[in-house]
Structures are given as C-alpha cells and as structure tokens.
Amino acid sequence: MDAKSPITLKRDCESVEIPSGERKTLPMGTVVRIVQSRGGSYTVSTSWGAMHRIDASDSDALGLAAPALAANVPAGPLSEKMVLEQLKTVFDPEIPVNIVDLGLVYARSISSLDGDGKRVDVKMTMTAPGCGMGNVLKADVESKLSRLPQVKEVHVEIVFDPPWHAGLMTDAARLQLGLDLDEGSSPFSVLQPNR
C-alpha cells in the first residue's frame with residue numbers, strides 16, 4: 001500500500017489530535033493519509049486537514065498489520081533501560097528523530113507506589129517554548145510508558161529551563177538531520193543544514 005494513498009478507517013479509532021494533544025475518536029469511514037510512521041505510531045492527515053497520531057495498537061483500523069515495535073513491550077521487572085528504550089519509540093510528528101536522541105528528555109526516574117506498582121516521572125522539554133507539539137509528545141510518552149510492566153502511574157513534566165539547544169542532540173540525530181557534528185550549540189543551529 002502506498003503511504004500517500006487515501007485510507008478509509010475500518011472502525012472507530014482512538015487518536016491524539018495534533019497539536020492540541022487531546023484524545024479524539026476518529027469515526028469509522030474517516031478518510032486519512034499516513035504522513036509519518038515512526039516509533040510504532042502513525043501520524044495521519046484527515047480529508048479536512050486535521051492531523052492525528054494513531055497508535056500501532058489501532059493499526060488494524062488503517063488496514064495495516066501492527067508493527068513489531070507495538071508487540072515488543074518487554075517483560076520482567078521494570079528497569080531504567082526499559083524506560084529509556086520505550087522513550088526512544090516516541091517521535092515528534094514533524095521531526096524523524098526520537099525524543100531521546102533529540103535531547104528532549106532531561107530526567108527520568110522510577111519510584112515505588114504504596115502497595116503494588118511503580119510510578120515513572122519524566123522531565124522533558126521542547127525544541128522551542130512555543131512548540132505546539134508539547135501536548136502530543138506528553139500524551140505519547142504517557143501512553144507508551146504506561147504499557148511497561150508494573151507501571152501504574154506516569155507523570156510527564158514539560159520544562160524550559162535549561163533551554164534546549166542542538167548541542168543536546170546525539171551525533172546520530174545530528175547526522176540524520178543533516179547537521180555538521182562540529183556545529184556550535186546555538187539554539188538555532190538545528191535550523192542550519194550542512195552547506
């Protein structure tokens with residue numbers, strides 16, 4: 001199937017509206033086009049121009065088989081590595097790099113809850129204070145971390161101090177975006193491709 005071809009939803013489908021981050025149900029019969037498929041989710045555009053994020057668990061509504069990432073939730077006791085790997089499956093709908101490699105995740109921690117279960121706290125930022133994707137990314141992080149074993153609560157805090165800059169990106173992310181590895185850490189260097 002060509003990703004640019006229109007797809008008619010085969011059933012009602014839960015989604016996250018972009019950029020509001022609000023959870024919405026797209027009704028069966030809605031016509032969409034896949035704009036991006038990364039990290040086990042799909043960014044789609046509707047026939048009326050709205051954008052939504054659809055989780056891989058709802059890929060059947062698109063007439064697609066679930067990608068391997070969706071079924072690959074680790075088993076066993078919760079660990080920092082599990083949290084990090086799950087965060088690497090979260091992508092900005094506009095940038096083809098995961099939020100860890102972009103340097104958007106400032107801190108993460110796991111704590112025990114009274115009784116049974118764990119709480120995961122994440123402190124993250126956006127590439128700019130006015131970025132409209134904050135609610136979308138926050139919802140995606142909460143959704144994906146809540147699938148991990150033992151996780152009963154997820155709290156994501158969006159912060160802007162310290163400000164994000166391109167120097168926080170991994171070398172792999174910089175290469176993927178076509179940036180020089182030796183560029184300075186100017187907050188605007190991410191907008192300056194190789195010359």
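Points to keep in mind about this one:
- Separation of the alpha carbons by more than 28 angstrom is noted, of 24/144; 24/88; 4/81; 88/152, for 4/81.
- Centre separation in Å (Cα based) which lies between region 1-52 and region 70-129: 23 Å
- Calculated over region 1-100, the projected area of the Cα convex hull averaged across directions stands at 6.8 nm².
- DSSP-loop GluC sites (Glu not before Pro) across region 50-151, with at most 16 other Cβ within 10 angstrom: 94
- Percent RCO, i.e. relative contact order, over the chain, from Cα pairs under 8 Å lying at least 6 residues apart: 17 percent
- Listed options for Cα Rg over 2.2 N^0.38 Å are [x] 1.07; [y] 1.33; [z] 0.95. The value calculated from this structure is the one marked [x].
- Mean projected area in nm² (Cα convex hull; one quarter of hull surface) for region 80-187: 6.8 nm²
A short reminder: the numbers here are calculations on the coordinates, not readings from a lab. Computed from a predicted structure; not experimentally measured. As a convention, Cβ positions derive from the backbone with ideal geometry for all residues, glycine included, and neighbour counts pool all protein chains shown.
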